[in-house]
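Before any comments, here is the structure.
The values are calculated or read from the model by the stated rules, or taken from the named source; none is laboratory data. If you're wondering where the values come from, they're calculated on a predicted model, not measured in any experiment. Cβ coordinates were reconstructed from backbone atoms using ideal geometry, including for glycine residues, and neighbour counts include every protein chain displayed. Areas reflect the complete protein model, heavy atoms only, side chains present, ligands, DNA and RNA absent. Shrake-Rupley method; radii C 1.70, N 1.55, O 1.52, S 1.80 Å.
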Amino acid sequence: MKSIRLENISKAFGWIKALDDISLQINEGEILALLGENGSGKTSLMNVIAGIYHPDQGDVFIDDEKVTISSPKDAFKYKIGMIHQHFKLVNVFTAVENIVLGLEKSDYKKFKEEQIKTEEEFFAKLKGVREPSNVEVANAKSRIYHSGKYDLNFARQKVIQICNQYGFKIDPDKHVYDMSVSEKQNLEIVKALFRGVDLLILDEPTAVLTPQEIKVLFKILKNMKADGKTVIIITHKLNEVMEISDRVEVLRKGKYIGGVKTSETNPAQLTEMMVGKKVELEIRRDTPVNPDLRLEINNVTLVKEGVKVLDNVNLQVNGGEILGIAGISGSGQKELLECVAGLQKAKSGDIIFHNPKENKPVTFFHKDLKQIKELAAQGKFHDPDGNKIDLTGLKDKEIRKMVEEEKIIFYENEIMPLNDKTPLEIRNLGIKLSFVPEDRLGMGLVGEMNLTQNMALRSFRKGKGMNVEMKKPERLAEHIVKEFGVVTPNLNTPVGRLSGGNIQKLLVGREISSNPKILMTAYPVRGLDINTSYYIYNLLNDQKNARCAVIYVGEDLDVLLALCDRLAVIYQGKITGVVDPHKVTKEQVGILMTGGSIDA
Amino acid sequence: MLKNFFKENDFIRISRRMEIPTWKKWVFKIAGVLAGFLFAAIVVSFISPGSFFKFFESLIVGNFTTVRKLLVLFEEVAILFLISCALAPAFKMKFWNIGAEGQVLMACLGTVIGMFFIAPNVPNAVALIIELLLAVTFGVVWSLIPTLFKAFFNTNETLFTLMMNYIAKGIVALMITLWIKNGSGVIPVLEYGRLPRIGGQNYIINIIVAVVIGVIFAFYMMRSKQGFEISVLGGSRNTAKYVGIDVKKVLIRTMIITGVICGIVGFLLVAGASYSMNENTVSGRGFTAILVCWLAGFNIPEMAGVSFLVAFMKYGAREVESSLHVGGSFVDIVVGVFFFVVIASNFFITNQVKINFKAFKKKKKEVIE
Ligand SMILES: Nc1ncnc2c1ncn2[C@@H]1O[C@H](COP(=O)(O)OP(=O)(O)OP(=O)(O)O)[C@@H](O)[C@H]1O
Ligand SMILES: [Mg+2]
């Protein structure tokens with residue numbers, strides 16, 4: 001393969017023009033970054049090259065010859081491979097088994113012929129030195145011809161050779177289920193290289209990697225380039241674009257906007273090309289006003305499969321403040337949030353919610369009549385004039401009226417232990433706790449359900465009667481689609497079909513929409529374009545100003561330091577420090593993230 | 001060989017569809033059904049030459065020419081549809097209950113107990129209520145046993161429910177030999193505790209019950225909070241937990257509903273139709289209903305349609321069999337061919353097939369040159 005040219009490619013889904021008359025060129029041996037906002041058509045365009053989508057119009061040329069690529073297999077024929085955002089590996093198979101999987105007999109013969117060449121080379125080298133022994137010849141022959149359809153040994157050797165050549169670290173006999181995300185990604189790439197691809201397409205490969213793993217990946221990509229391979233990388237992180245790519249092509253709303261040499265551009269210009277106008281990229285951080293304790297996490301320890309995933313964690317989260325949590329991914333962040341949300345049961349320790357009720361009227365939203373009477377008997381309420389309320393002797397009707405007129409008022413904040421509470425119990429206590437989990441389709445949304453139904457997930461129990469009330473969720477879906485600019489054919493589209501960024505917007509939008517008292521977010525901008533990312537940062541800041549206690553688990557240290565009011569660092573389930581983001585440096589946070597200590 | 005033909009040539013290109021407009025899907029579905037009839041007719045004319053048109057005639061004659069035939073047809077539709085309704089919610093939440101056969105059979109047994117031991121001694125209305133309660137209890141017990149094992153010991157429900165079918169058959173056979181002392185091994189047609197006839201016909205009430213339950217059930221699945229929970233669970237277990245759905249509770253509740261509907265079916269089969277039973281009273285419809293569920297994609301209105309097709313083919317093919325004097329397994333072959341084609345037509349819904357006429361012309365030219 002030398003180069004690929006796309007001419008006038010168009011593709012529509014319903015009324016959405018995912019790709020609108022796109023023409024662009026991919027040169028041999030370059031690393032090309034493909035940029036664009038969420039839903040601009042990057043994945044769709046690459047799917048066309050990889051044989052997954054068929055363009056409604058337009059042609060693909062490889063080395064000036066028109067081709068039809070109608071399946072991923074076809075794409076391999078043209079030496080094109082694509083690594084998707086969601087991997088397609090078989091878990092119970094080992095690395096090498098996954099690699100040979102799906103090879104056709106004819107493919108295999110081809111590979112074996114390649115091996116003949118290397119055997120021949122071996123023999124050629126021997127020439128003049130000594131005669132090959134009969135045993136050597138026989139072995140080589142039998143290896144080549146008599147070892148069944150899948151010659152795993154041969155494949156294994158080839159995998160090792162690929163790994164050495166480009167710098168992957170893969171154990172060919174490791175099972176996929178034992179692999180980390182980055183190992184799986186590497187395996188997908190090796191699999192493509194095994195099939196001899198010359199053009200490798202990576203769809204947001206860095207979204208799921210730690211900074212260290214990203215460094216390794218980029219090293220590999222550079223090695224591939226040095227070897228003459230072509231790479232297309234999709235990413236939303238402009239610093240990565242600047243670091244790795246030779247050239248940048250930009251899409252906007254399905255249209256081709258233009259291309260630039262990386263050396264001749266800068267992030268500001270790229271953003272402008274993507275968004276279509278100049279944008280201010282600034283993270284707002286307002287000074288917290290009277291932060292008050294909202295959530296206490298005391299000595300929480302969580303054990304999973306004999307391993308302490310959380311080790312005696314102590315944290316305090318305040319209303320009106322953003323608490324950042326930094327750490328290498330997999331250090332216990334996810335489990336910590338899940339413990340608070342009631343999805344995991346801590347082995348020991350307390351999680352206590354301080355409901356900000358001081359001088360607020362009691363409502364039927366989170367207390368029923370019986371509970372109100374009990375609390376009144378304990379002397380928890382006062383009337384608007386500040387006198388203690390005694391409800392004894394009053395009729396239910398009268399009490400109801402007083403509640404509705406907001407005349408029954410709490411003296412102080414309510415203290416509610418959350419240990420051992422299920423998510424439903426937490427909800428029934430009237431605690432507005434929102435949670436944007438890390439794996440949005442695995443938890444948080446249902447891919448097969450449409451937008452409205454996904455909006456109803458949080459609220460479907462509300463309302464009297466048997467049936468799910470769909471009016472409000474529908475309005476919420478409409479609102480979020482408009483407010484966040486979600487690109488979707490309509491509200492009846494299954495959310496699994498939307499682009500990654502749009503899915504994330506829906507989830508964040510739903511979770512923020514309930515005016516939570518606690519908002520926990522894990523990597524909320526993962527997969528989002530920069531413009532939307534900044535929009536989300538500012539939304540979190542707004543939530544903080546609305547006195548919500550915000551927890552932000554992030555990976556980008558620059559963002560963590562710019563957004564948060566306090567920053568906790570977690571390492572192997574332990575909190576190694578809670579620091580002031582105004583005063584600390586990235587390097588110091590880095591030390592804490594790897595288990596070291598700093599004096600601050 | 002064939003695989004390579006499709007892969008390598010330029011004329012026909014097959015690829016997976018990402019989505020398909022609703023109208024197009026229905027065009028393919030209807031075309032699939034028509035093709036099914038066509039192929040079945042072709043197979044028939046192979047077995048009995050010259051009977052291509054006779055086949056279609058028989059389909060009509062077998063189903064539509066008398067009121068009785070219509071009733072038989074729709075009663076079969078009603079029963080199949082109800083069993084499919086019983087299965088659909090569990091399937092939707094990925095609980096593979098293939099034990100409807102046994103669940104219905106146990107319900108039949110419950111009904112017979114009521115008719116045999118209680119009905120002769122009490123007013124008919126009371127007898128019917130007792131029979132229904134017995135049937136539902138038996139059905140629920142039979143559906144709950146594997147469910148509880150799944151919920152608390154995580155046993156494999158597929159094997160468990162399958163096994164329960166055979167146990168049910170064994171119990172029924174045993175009971176019959178215990179009760180019927182004269183050695184015939186057959187329960188006589190029972191006089192008491194029958195559902196009333198409407199217009200002198202017995203099947204009508206079964207059909208009415210199926211329509212009513214079907215409508216309620218469609219609303220339950222598509223609109224209700226519980227139906228919503230089932231869909232969420234089927235879509236993603238973790239998301240269900242995240243929004244506070246108690247997985248075990250929903251599983252058990254859903255399987256109770258399955259048991260109740262199976263119970264009603266058993267009650268209708270015995271008290272509304274056969275007034276007797278043996279171990280083959282359900283006659284495989286508990287399994288056929290699985291096919292109905294899948295073909296209809298768990299969509300309740302579509303399930304009614306598919307149930308109709310199955311019953312229609314069954315009685316149509318029976319008529320063919322008797323009018324053409326062909327062997328016994330003939331019905332199965334024709335019905336099999338029909339559904340094979342219908343299912344195969346789904347291929348065109350999930351895949352796109354393009355024929356490239358240009359390439360065809362080009363090849364021709366090359367040959368000429
Ligand atoms: N199979 C599909 N069915 C319906 N719509 C689709 C499908 N695939 C893509 N789209 C729509 O086409 C548009 C482009 O999507 P695409 O996934 O290519 O965007 P993207 O640039 O990769 O976005 P992101 O950065 O969020 O991943 C989106 O509006 C998306 O909703
Ligand atoms: Mg994408």
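About the Cα centre of the range A:446-515, what is the dipole size in debye to 20, counting +1 per Lys and Arg Cβ and -1 per Asp and Glu Cβ, all else neutral?
Magnitude of the dipole: close to 240 debye.
Order B:Y242, B:Y203, B:Y166, most accessible first, counting only protein heavy atoms with a 1.4 angstrom probe.
Final ranking, largest accessible area leading: B:Y166, B:Y203, B:Y242.
Using the heavy atoms of the protein chains and a 1.4 angstrom probe, tell me the accessible area per residue for the protein assembly as shown in square angstrom.
It amounts to 47 Å² per residue over the protein assembly as shown.
Any idea how far apart A:T68 and B:W23 come out in nm if each label point goes 7 Å out from Cα toward Cβ?
2.6 nm
As an exercise, identify the trypsin sites (Lys or Arg not before Pro) in the range A:370-457 lying in DSSP coil whose Cβ has no more than 14 other Cβ atoms within 10 Å.
Sites meeting the loop and neighbour criteria: A:K395.
Considering only the protein assembly as shown, what is the antiparallel percent among its DSSP beta bridges, to the nearest 5?
DSSP beta bridges in the protein assembly as shown are roughly 60 percent antiparallel.
Any number yet on Rg/Rh for the range A:158-278, C-alpha, Kirkwood?
For the range A:158-278, the value is 1.01.
Sort out for me the Cα centre separation of the range A:2-78 from the range B:13-84, rounded to whole Å.
The two parts, judged by their Cα centres, are 42 Å apart.
Have a look at B:L82, B:F298, B:G266 and report the one farthest towards the positive end of the charge dipole of the range B:66-325, computed about the Cα centre with Cβ charges (Lys/Arg +1, Asp/Glu -1).
B:F298
If amide H atoms are built 1.01 Å from N in the plane of the peptide, which residues on other chains or at least 5 residues away come under 5 Å of the amide H of A:N419?
When sequence neighbours closer than 5 places are left aside, the close amide H contacts are A:I351.
Using a probe of 1.4 angstrom, how much of the accessible area of the range B:66-325 is carbon and sulfur, in percent?
69 percent
Among the listed pairs A:K472/B:K150; A:K2/A:K169; A:K2/A:K237; B:K92/B:K241; A:K42/A:K505; A:K215/A:K304, give every one whose C-alpha distance is greater than 26 Å.
Over 26 Å Cα-Cα: A:K472/B:K150; A:K2/A:K169; A:K2/A:K237; A:K215/A:K304.
Relative to the longest principal Cα axis of chain B, at what angle does helix B:22-47 sit, 0 to 90 degrees, rounded to 10?
Approximately 90 degrees, to the nearest ten.
If you place +1 on the Cβ of every Lys and Arg and -1 on the Cβ of every Asp and Glu, how big does the dipole about the Cα centre of chain B come out, in debye to the nearest 20?
1540 debye
Keeping every protein chain in place, order A:R547, A:R510 by accessible area at 1.4 Å, biggest value first, i.e. largest first.
Final ranking, largest accessible area leading: A:R547, A:R510.
Would you please state which residues of the range A:448-492 a label at A:K255 would reach in this model, taking the label point 7 Å out along Cα→Cβ and a backbone N cut-off of under 16 Å?
Answer for the range A:448-492: none.
Let me confirm one metric for peptide B:220-233, namely the mean number of other chain beta-carbon atoms within 10 Å of its residues' beta-carbons.
Across B:220-233, the average partner-chain Cβ count within 10 Å equals 4.
Which shape class, rounded, prolate or oblate, goes with the range A:357-412 when its Cα gyration tensor gives a ≥ b ≥ c as root eigenvalues, a/c under 1.5 marks rounded, and past that a/b bigger than b/c marks prolate?
Cα axes put the range A:357-412 in the rounded bin.
Let's test the formula: R0 of 22 Å, r as the Cβ-Cβ distance of A:V181 and A:A226. What FRET efficiency results, to the nearest 0.05?
0.30
So if we plug the beta-carbon distance of B:K249 and A:E272 into 1/(1 + (r/R0)^6) with R0 = 35 Å, what FRET efficiency do we get, rounded to 0.05?
Calculated transfer efficiency: 0.05.
Residue-wise, which Karplus ³J(HN,Hα) couplings in Hz belong to the range B:177-184, taking 6.51 cos²θ - 1.76 cosθ + 1.60, θ = phi - 60°, and x for glycine or proline?
Using θ = phi - 60°, the values come out as 5, 6, 7, 8, 7, 6, x, 6 Hz.
Could you work out how far the C-alpha centroid of the range A:271-305 sits from that of the range A:561-586, in angstrom?
12 Å
For helix A:152-166, report the angle its Cα long axis makes with the longest principal axis of the Cα atoms of chain A; keep it between 0 and 90° and round to the nearest 10°.
Roughly 80 degrees between the two axes.
I'd like the trypsin sites (Lys or Arg not before Pro) in the range B:245-291 restricted to DSSP loop residues with at most 13 other Cβ atoms within 10 Å, sorted by number.
Passing sites in the range B:245-291 do not exist.
Once both axes come from the Cα atoms, what is the angle between helix B:357-368 and the longest principal axis of chain B, in degrees from 0 to 90, rounded to 10?
Helix B:357-368 sits roughly 50 degrees off the main axis of chain B.
Nearest 20 debye, what's the magnitude of the dipole of the range A:234-341 about its Cα centre given +1 on Lys and Arg Cβ and -1 on Asp and Glu Cβ?
500 debye
What net charge do the residues around B:T288 carry, taking every other residue with its C-beta under 13 Å from that of B:T288, with Lys and Arg at +1 and Asp and Glu at -1?
Charge balance near B:T288 sits at -1.
Starting from the residue with the highest accessible area, list A:T363, A:T262 in decreasing order, probe 1.4 Å.
Result of the area sort, largest leading: A:T363, A:T262.
Explain nothing, just compute: Karplus ³J(HN,Hα) = 6.51 cos²θ - 1.76 cosθ + 1.60, θ = phi - 60°, for every residue of the range A:464-481 in order, whole Hz, x for Gly and Pro.
Karplus-based 3J(HN,Hα) across the range A:464-481 equals 7, x, 6, 8, 6, 7, 9, 5, 5, x, 5, 5, 4, 4, 4, 4, 5, 4 Hz.
Using only the Cα atoms of the range A:446-515, what do you get for the radius of gyration and for Dmax, in Å?
Rg, Dmax (Cα atoms, Å): 11.4, 36.
HN-Hα J couplings of the range B:317-325 from phi, Karplus 6.51/-1.76/1.60, θ = phi - 60°, integer Hz, Gly and Pro as x?
Rounded to whole hertz, the list is 5, 4, 5, 4, 4, 6, 6, 9, 6.
Among all the aspartates and glutamates, which ones have a C-alpha under 20 Å from A:K370's C-alpha, if same-chain residues fewer than 8 places away are not counted?
Answer for A:K370, where 20 Å is the Cα cut-off: A:D383, A:D390, A:D396, A:E398, A:E404, A:E405, A:E406, A:E412, A:E414, A:E425, listed by chain and number.
Take the protein assembly as shown, drop everything but the C-alpha atoms, weight them equally and run the Debye formula without solvent; then report log10 I(q)/I(0) at 0.05, 0.06, 0.10, 0.11 Å⁻¹ to two decimals.
-0.42, -0.60, -1.33, -1.43
For chain A, what is the mean residue ellipticity at 222 nm derived from helices alone (per DSSP H run of n ≥ 4: -39500 (n - 2.57); sum divided by total residues; nearest 500 deg cm²/dmol)?
That comes out to -10500 deg cm²/dmol.
Which pairs, out of A:K277/A:K517; B:K29/B:K94; A:K308/A:K432; A:K73/A:K253; B:K69/B:K169; A:K544/A:K583, put more than 31 Å between their alpha-carbon atoms?
As for pairs spanning more than 31 Å Cα to Cα, those are A:K277/A:K517.
Per residue, how much space in cubic angstrom lies within the convex hull of the C-alpha atoms of chain B?
Hull volume over Cα atoms, normalised by residue count, gives 194 Å³.
What does the highest-first list of B:66-78, A:281-293 look like by mean Cβ count within 10 Å?
B:66-78, A:281-293
Could you report the buried accessible area between B and A, both sides summed, computed with a 1.4 Å probe and given in Å² to the nearest 100?
2700 Å²
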